[in-house]
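Heads up, the thing below is written out as structure tokens.
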Amino acid sequence: MQQSSMQFSFQPGFTAVNVGWDDTTGAIGHIVLNRPTKSNAFDSVMWREFPAAVRLLQQRHEIRVLVISAAGKNFCAGLDLAYLTDTFGSKMQQQPGNSSSCPARMRYAFREDILQMQEAFTVLEQCLFPVIAAVQGACVGAGVDLITAADLRCCSQDAYFSVKEVDLAITADLGTLQRLPSIIGHGAAAELALTGRSVPAREAAQLGLVSRVAGSATNLAAAVMQLAAEIAAKSPLAVAGTKAVLLHTRCGNERDCCLSCDYTNVLPAEDLRTARTLQQPCPPA
């Protein structure tokens, strides 16, 4: 997303994301995914820094709304597949004579990694303040996991969305399958998850996945910051209460929903090697 006229003070100590708050009131938090040359795909550093950035903002009582955007032309291309192969593919390969290569132990270690990745997005629901995702370009796989954990989603006209995991021989187990049906309906969510097809901005708005479509990335930045300022001007207690009730109504306990599929992925190394060829975001249908 292009910079708006609003100025932000970004904090040191982060590389894969930028995190800060507006210079005027300090009420609008901003996290920018910052791996533009990799289409902001999540690698080990981003998995660590993203929830840390959210928790940093949670500690500031002045924050009343959070905007999540991305540097470059794409919002998020999902998981960095080199990271996926190196981290998880190796865990699924048995080493003779090594007790840690026991299939049960390997899958348990893999499950622990999945739970940590789920928590990286669930933390958005744990914020008292609402979260707005501003999407341009590709929003694929883990990008959809992220935005469905947000409270509001806006996009530019060139945005497209894909629940891509089925094409990578894995199950989407970081929150999309639990959250998306309550946003766009069970049937529509099932079709997107089972086909992996791309959904352009106009269709995303028709489905209710996004509430606003702006023309360009610059228009998106201005529209999202205006929306954030409007929410920040409301009573923070009323806003926090509204968010809590909406989340409870939607799924009760989202963490329990995510846990319902924490065991489904067994990521064969050969499938992952094949999947690496699909790293580039797919064009919209």
Quiz prompt | Pair-distance profile P(r), taking every C-alpha pair of the range 127-191, with 10 angstrom steps and integer % | solution = 21, 54, 23, 1
Quiz item: Where both partners of a DSSP beta bridge lie in the range 105-235, what percent of those bridges are antiparallel, to the nearest 5?
Solution: 15
Exercise. With all protein chains present, calculate the accessible area of residue 38 using a 1.4 Å probe and round the result to the nearest 10 Å².
Key: 110
Practice problem: Set the Förster radius R0 to 22 Å, insert the Cβ-Cβ distance between residue 248 and residue 128 as r into 1/(1 + (r/R0)^6), and round the FRET efficiency to 0.05. | Solution: 0.95
Exercise. Please state the charge dipole magnitude for the range 16-89, taken about the Cα centre, from unit charges on C-beta atoms (+1 on K and R, -1 on D and E), reported in debye and rounded to the nearest 20.
Key: 80
Quiz item: Using a 1.4 Å probe, what is the accessible area per residue for the range 113-226, in Å²?
Solution: 32
Quiz prompt | Per-residue ³J(HN,Hα) for the range 46-53, Karplus 6.51 cos²θ - 1.76 cosθ + 1.60, θ = phi - 60°, Hz, x for Gly and Pro | solution = 5, 4, 7, 7, 4, x, 5, 5
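The values are calculated or read from the model by the stated rules, or taken from the named source; none is laboratory data. What you see is a predicted model, and the numbers here were worked out from it, not measured in a lab. With ideal geometry, Cβ positions are generated from the backbone for all residues, glycine too; neighbour counts draw on all protein chains shown. Side chains are part of the model used for accessible areas, which takes the heavy atoms of the whole protein and leaves out ligands, DNA and RNA. Shrake-Rupley method; radii C 1.70, N 1.55, O 1.52, S 1.80 Å.
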